[in-house]
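Structure, as structure tokens:
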Amino acid sequence: MRLSVVGTGYLGATHAACMAELGHDVIGLDTDPAKVAALSQGRVPFWEPGLDAVLQRGLASGRLRFTTNAADASGAEVHFLCVGTPQRPDSPAADLAQVNGAVDALLPILDSASLLVGKSTVPVGTAADIEERVLATGARVAWNPEFLREGHAVEDTLRPDRLVFGVRRASDEAILREVYAQLLDAGTPVLVTDFATAELVKVSANAFLATKISFINAMAEVCEATGGDIVTLSKALGMDPRIGSQFLRAGLGFGGGCLPKDIRAFMARAGELGVDEALMFLRDIDDINIRRRQHTVDLAIASIGGSAEGRTVAVWGAAFKPDSDDVRDSPALHVAQLLRDAGARVVVHDPRAMDNARSLFPGLEYANTPEEAAEGADVLLLLTEWRDYIDFDPAVVQQRMRQATVIDARNALDVDRWRAAGWTYRALGRPTA
Ligand code: UDX
């Protein structure tokens, strides 16, 4: 099939390359010429394991191209909307400028043979608004939310847990079934529904995941007040199959380009719809999450004698999670900057996210290796649980530190190993650890 993918960020670049992998003829459209140039040369402009190989295979097959010119996408049967919906600078609501811009760019090439399929995370009601806007062209609209996780984007696109099709007509469902035929043959379940449900599945999934993380972090606060151990508590909860162990890892909490802004946009939309009370709990979810960051700062300052002034703090991790170079709303960098603001010299290392971190937080110092970050530091903070850090020999870093104290804000390090190497080990939600 001939497909276009509008917006070639994390979601769109992955979707375009994976659709070509499925055998479709795909054109990726973006307003950023640098992004289009990089992708056209087979370079993924962000760190996503495995995506470069899929991209290069697509380009070599001749079935995948990228352009800044919307006219090049004319003739595509399906146009996937994959643009970003960040938080507005002036409010918690979603900024739909990119969605509106993409629809405007497509308007001249849409006709009665076109199906516009939204994948971006949007406020409920957006699909119906877009349908209204494209009505005169004869094009139809469908909503097919995307659940991919950064770091697992290719796998999540080619082997999703489920596909959700929000459609008005059986003929539109048939087109989506044709697009995803290979995945359906492989047994991927499909749910066919209306626009509102399709839009809500995505935001409520992210709200649930955020709730699970903040729930366990709230329990960590209680552990801190009582001497309990959140790691054992979480393990015990996760053994109940009704609860499940995933997304119950207590620590510094969630960040990134999705969960924080999605729960805020969801609350804002609920307010517009007059059902704000239904989502009032998400305010607490957000607050618990942000409190973990300040708590980590307090713990770090307490461990270096009550004042950050004149002290050196080593930070391991800048990305919002491991296997990503994304620093959008990164809890790690937020903590690093708060310590800098409190007067500390803060030296950061990350295996992949250094360039992105440097451009957003120029006031922090950056080291080329984990050991270099630890040089002369009074405390070491593990803020993003990259495998490299977990496997690191604590004895090697210990020699570089002024004072061998580590704060494991992700509950990821082996306590016994670090203690045996002579470290004072502290962690969130584990007062006795
Ligand atoms: C999320 C959703 O998982 C995905 O389905 C959706 O499409 C986009 O948003 P992503 O932002 O890539 O994906 O990250 P995710 O793996 O969900 O992690 C989000 C944050 O939660 C990270 O900062 C991570 O460190 C944190 N987290 C995750 C925890 O603190 N504890 C956990 O147990 C799990």
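The values are calculated or read from the model by the stated rules, or taken from the named source; none is laboratory data. Since the model is a prediction, treat every value here as computed from it, not as a measurement. Counting neighbours? That spans all protein chains shown, and the Cβs are built from the backbone with ideal geometry, glycine included. We work out accessible area using only protein heavy atoms, side chains counted, and drop any ligands, DNA or RNA first. Shrake-Rupley method; radii C 1.70, N 1.55, O 1.52, S 1.80 Å.
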The simple spin-label model distance between ALA278 and ASP298, using points 7 Å out along Cα→Cβ, in nm, is 3.5
Computed Rg/Rh for the stretch 5-58 (Cα atoms; Rh = Kirkwood radius) stands at 0.91
Of THR197, THR211, THR369, the most mobile residue in a GNM of the chain (C-alpha springs, cutoff 10 Å) is THR369
Carbon/sulfur accessible area of the stretch 294-430, % of total, 1.4 Å probe, equals 43
Over its alpha-carbon atoms, the stretch 91-246 yields an Rg and a Dmax in Å of 19.8, 65
With R₀ set to 41 angstrom, the calculated FRET efficiency between the beta-carbons of GLN399 and ARG57, to the nearest 0.05, is 0.35
Using alpha carbon centers only, the stretch 82-132 is separated from the stretch 343-411 by a whole-angstrom value of 40
Ratio for the chain, C-alpha Rg to 2.2 N^0.38 Å, reads 1.05
Probe 1.4 Å, heavy atoms of protein chains only: per residue, the accessible area of the stretch 356-433 in Å² is 43
Membrane-span-like helices (DSSP H runs, Cα span along own axis at least 30 Å, mean Kyte-Doolittle at least -1.0) in the chain -> 195-226, 281-303
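So what is the diffusion coefficient of the stretch 45-117 in µm² per second by Stokes-Einstein at 25 °C and 0.890 mPa s, using a Kirkwood Rh over Cα pairs?
Details: Rh = 14.7 Å.
Stokes-Einstein gives a translational diffusion coefficient of 166 µm²/s.
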Against the 2.2 N^0.38 Å rule of thumb, the C-alpha Rg of the stretch 2-193 sits at a ratio of 0.96
In a Gaussian network model of the chain with springs linking alpha carbons closer than 10 Å, the residue among ILE263, ILE216, ILE304 that fluctuates most is ILE304
Measuring from its Cα centre, the chain shows a charge dipole (+1 at each Lys and Arg Cβ, -1 at each Asp and Glu Cβ) which, in debye to the nearest 20, is 420
Regression test value, accessible area per residue of the stretch 16-124, probe 1.4 Å, units Å², expected 40
Beyond 18 Å (Cα-Cα) in this structure, taken from LYS212/LYS261; LYS202/LYS321; LYS212/LYS235, we find LYS202/LYS321
Quick calc: nm separation of the 7 Å Cα→Cβ label points for ARG149 and ASP414 -> 2.3
For the chain, whose charge dipole is built from +1 on Lys and Arg Cβ atoms and -1 on Asp and Glu Cβ atoms, the candidate among GLY28, ALA332, ALA142 with its Cα farthest towards the positive end is ALA332
The FRET efficiency for MET1 and ASP90, from their Cβ-Cβ distance with R0 = 45 Å and rounded to 0.05, is 0.65
For the stretch 150-291, the per residue accessible area (1.4 Å probe, Å²) is 49
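At 1.4 Å probe size, with the rest of the protein present, what percent of the exposed accessible area of the stretch 2-193 is carbon and sulfur atoms?
Answer for the stretch 2-193: carbon and sulfur cover 51 percent of the accessible area.
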Under a Gaussian network model of the chain whose springs join Cα atoms within less than 10 Å, the largest fluctuation of VAL164, VAL44, VAL192 belongs to VAL192
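Work out the FRET efficiency for GLU132 and SER307 from their Cβ-Cβ distance, taking R0 = 56 Å, and round it to the nearest 0.05.
Numbers: r = 58 Å, r/R0 = 1.04.
With R0 = 56 Å, the Cβ-Cβ based efficiency is 0.45.
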Mean Cβ-within-10 Å packing, highest first, puts peptides 10-23, 139-152 in the order 10-23, 139-152
